[in-house]
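S.K.: There's a structure below that I have some questions on.
The values are calculated or read from the model by the stated rules, or taken from the named source; none is laboratory data. These figures come from a predicted structure and were not determined experimentally. Here the Cβ positions follow ideal geometry from the backbone for every residue, glycine too, while neighbour counts run over all protein chains shown. Surface accessibility is based on the protein's heavy atoms, side chains included, excluding ligands, DNA and RNA. Shrake-Rupley method; radii C 1.70, N 1.55, O 1.52, S 1.80 Å.
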Amino acid sequence: MENLNIFERIVSWKNLLDAYHHAAAEKWFRDDVAAFSASLGKNLLKIQKSLRLKYYQVGNYREFYVYEPKKRLVMALNFPDRVVQWAIYLQLNPILDRQFYYHSYGCRVGKGTAKAADKLQDWMRLVDRKPDDWYYLKLDISKYFYRVDHAVLLDILAKKFPGEDDLLWLMDRIINCEHTAFGLPPGKNVDEIDPSDRLLDVGMPIGNLTSQLLANVCLDQLDQYIKHELHAHYYVRYMDDMVILHNDAKVLNEWKRLIEKYLNEVLHLELNDKTSQSREHDQARHRAQEARTKNKRRSWRPGPNRSGHRSGGIGGTI
């Protein structure tokens, strides 16, 4: 398959069969999985044909709420669409993950909240041995998954995958879902507005496997800006939560201004001013230790399937 373009790898029989096994792992007892499995060859051929002939449409979402670590709207796809999600993920994730900033820890195999907190504590122990005072800047993005700009995201993908028109068609189908709006107006919570008032041009459904991957695709742009333009040395991110250490509070305040400008003007996102803060780093150590404790006792945490990937669990705080 190495000589095939990415779209052809996605729709290949082997990849679709692998995607089916991933999507069905630990769910064999469910009626929809059993029904799909009973006519496996026929159903996979149906998916393959719809993708190759470009009449694939994302199915309807089932909506429900989760309350840990905070209230979130989750949107679940039916089983055939989850097979498509896995088919995309199996081909795109190895390519994209190699490009991501190393100290980005959210929704990545082998990373996670505990490792993000460990790295932050390692850095704080390191700066403890330095003679000057150190400070931390903690930032998070307001309603991140509900506010991702579709046009910005598709433009990033187009630059990452030039000439892959078929792939970009498929990603557009998933991102710009014709029948379901995922986005929220600025400053609104998901339970404050009627579903009919949700926005079509922003937002990604929490619950989609591709949403986890695309969330990192978007914020990796910010990672690269912080590392290569601002030259921040001690910078860690867990999804939309970020911490930067520096020995000059004025520098951190200026970086916050520049980061907010980049988010607003380039990614069309906003900082959450209620939770963003800059303080001496002893308090950051406490938050890192607290994150490890919360990670151990979190009550809603979808279990890994046999590959070790998680199908949810987006969120958390460093």
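S.K.: Any idea which of 169, 190, 200 is furthest toward the positive side of the dipole for the stretch 143-203, if Lys and Arg beta-carbons carry +1 and Asp and Glu beta-carbons -1?
M.R.: 190
S.K.: Let me ask something else about it. Expressed as a whole percentage, what fraction of the accessible surface of the stretch 164-275 belongs to carbon and sulfur atoms when a 1.4 Å probe is rolled over the protein heavy atoms?
M.R.: 45 percent
S.K.: Could you list which residues have their amide H under 5 Å from that of residue 234, counting only those 5 or more apart in sequence or on another chain, with H placed in the peptide plane?
M.R.: Sorted by chain and number, the residues that satisfy this are 245.
S.K.: With no solvent and one point on each alpha carbon, what is the Debye value of log10 I(q)/I(0) for the stretch 18-67 at q = 0.19 Å⁻¹?
M.R.: Ignoring solvent entirely, the Cα scatterers give -0.81.
S.K.: Expected output is a single nm value to one decimal: the length gained when fully extending between residue 32 and residue 65, i.e. 0.36 nm times separation in residues minus the C-alpha distance. What is it?
M.R.: That pair, residue 32 and residue 65, stretches by 9.8 nm at full extension.
S.K.: Please compute, over every Cα-Cα pair in the stretch 132-207, the percentage with a separation greater than 14 angstrom.
M.R.: That fraction is 66 percent.
S.K.: Further question: Hey, got the dipole for the stretch 132-286? About the Cα centre, +1 on K and R Cβ, -1 on D and E Cβ, debye to the nearest 20?
M.R.: 260 debye
S.K.: Still on this structure: Rank by packing, highest mean first: peptides 137-143, 181-187, 225-231, with packing defined as the count of other Cβ atoms within 10 Å averaged across residues.
M.R.: Final packing ranking: 137-143, 181-187, 225-231.
S.K.: If you roll a 1.4 Å probe over the stretch 52-114 with all protein chains in place, what percent of the accessible area is carbon or sulfur?
M.R.: Solvent-exposed carbon and sulfur of the stretch 52-114 make up 53 percent of the total.
S.K.: Taking the Cα centre as origin and putting +1 on Lys and Arg beta-carbons and -1 on Asp and Glu beta-carbons, what dipole magnitude results for the stretch 1-156, to the nearest 20 debye?
M.R.: Charge dipole of the stretch 1-156: 280 debye, to the nearest 20.
S.K.: Given a Förster radius of 41 Å and the C-beta distance between residue 251 and residue 154 as r, what FRET efficiency does 1/(1 + (r/R0)^6) yield to the nearest 0.05?
M.R.: 0.75
S.K.: Find how much the distance from residue 55 to residue 132 grows on full extension, using 0.36 nm per residue of separation minus their present alpha carbon separation; answer in nm with one decimal.
M.R.: 21.6 nm
S.K.: Additional query: Where the eigenvalues come from the Cα gyration tensor of the stretch 39-150, what are the semi-axes √(5λ) of the equivalent ellipsoid, largest first, in whole Å?
M.R.: Values for the stretch 39-150, descending: 40, 18, 13 Å.
S.K.: Above 22 angstrom, tally the Cα pairs of the stretch 1-101 and express them as a % of all pairs, no decimals.
M.R.: That tail contains 38 percent of the Cα-Cα pairs.
S.K.: Compute the accessible area per residue over the stretch 1-128, keeping the other protein chains in place, probe 1.4 Å, unit Å².
M.R.: Per-residue accessible area for the stretch 1-128 comes out at 50 Å².
S.K.: Quick one: the Cα spread of the stretch 167-248 along its three principal axes, in angstroms, biggest first?
M.R.: Extents along the principal axes, in whole Å: 48, 35, 20.
S.K.: From the phi of every residue in the stretch 262-272, what ³J(HN,Hα) in whole Hz does the Karplus formula 6.51 cos²θ - 1.76 cosθ + 1.60 yield, where θ is phi - 60° and glycine or proline is x?
M.R.: For the stretch 262-272, the Karplus-derived couplings read 5, 4, 5, 8, 9, 9, 6, 10, 10, 6, 8 Hz, x marking Gly and Pro.
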